[in-house]
Amino acid sequence: MSNDKSISRRALLKGSLALTAGLTASRALAEKTITPSQVEGPFYPIKPQTDRDLDLTQIQGHESAAKGEAIWVTGKVLDENGEPLANAVVDVWQANAAGRYAHPGDTNSAPLDPDFQGWGIVNTDESGQYRFKTIKPGAYGVSGSWSRPPHIHFKVSKRGFFELTTQMYFANEALNNTDGILNNVPEPGRSSLIVDFVQHNEFDAPVGQFDIILRKV
């Protein structure tokens, strides 16, 4: 990646840091709902990669960006009282825009995207905030009658709290209504996993807020 691209990328990411506070609070934060856990799934990354930063749309050293619709995911990690948790580790991974994971166990015939990072690890700041840029993942078939809706996997950890593995879903997806994993979660927890993405004039792509509430050990 050229120096100009690196500088532009750093400026974009730095400029986004102050914007989370201006977004509408999520349902989880408003109701203080402990974020429900979900299965990790079979495709947690096992292939080593040096670039695991908060921009999954651009791999260091690649001229081309990832295929698909770019989005920003932002939010806060909080305790059960709504207090922010600084320096929590937010580990995210997902399928590419075609619905395929960069994992040797994924036998999906959809194409891989060599320009999609697919996996990132970020830490929350002193206000409990995190953010990352990625692409909207594609849906993919599991069986003849079941297709998983677009979703992003999260694993969140902080000393003194139970580690949480969960999944974030996208609002207004028809496949949400038939997904056994999502619909196995009772309300109000289920709704806290579904995020609406909106345009924001300070971001270069639609942004959604996913607040995560951890339970103390």
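A short reminder: the numbers here are calculations on the coordinates, not readings from a lab. Small disclaimer: the values here were computed from a predicted structure and weren't measured. In this analysis, Cβ positions are derived from the backbone assuming ideal geometry, glycine residues included, and neighbour counts consider all displayed protein chains.
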> If you take the beta carbon distance between Arg215 and Thr178 as r and set R0 to 41 Å, what does 1/(1 + (r/R0)^6) give as a FRET efficiency, to the nearest 0.05?
Replying inline: 0.90
> Using only the Cα atoms, what convex hull volume per residue in Å³ does the range 89-161 have?
Replying inline: 119 Å³
> If you keep only loop residues by DSSP, which chymotrypsin sites (Phe, Trp or Tyr not before Pro) in the range 141-184 have at most 15 other Cβ atoms within 10 Å of their Cβ?
Replying inline: Phe162
>> Cross-link candidates for Lys216: which aspartates and glutamates have Cα within less than 20 Å, leaving aside residues fewer than 8 places away along the same chain?
In response: Glu31, Asp79, Glu80, Glu83, Asp91, Asp125, Glu126, Glu163
> Most fluctuating residue of Asp53, Asp91, Asp179 in a GNM of the chain with Cα springs under 10 Å: which is it?
Replying inline: Asp179
> Which of Ser127, Ser37, Ser109 moves most in a GNM of the chain, Cα contacts under 10 Å?
Replying inline: Ser109
> From the residues Ala70, Thr35, Asn201, which one has its Cα farthest along the dipole of the chain in the positive direction, the dipole being from +1 and -1 charges on Cβ of Lys/Arg and Asp/Glu about the Cα centre?
Replying inline: Thr35
> Restricting to lysine pairs 8 or more places apart or on different chains, what number in the range 41-189 have Cα atoms under 15 Å apart?
Replying inline: 4
> Mean projection of the alpha-carbon convex hull of the chain over all orientations, in nm²?
Replying inline: 11.9 nm²
> Averaged over all directions, how much area does the convex hull of the C-alpha atoms of the range 32-144 cover when projected, in nm²?
Replying inline: 8.3 nm²
> How do Trp119, Trp72 rank when sorted from fewest to most other Cβ atoms within 10 Å of their own Cβ?
Replying inline: Trp119, Trp72
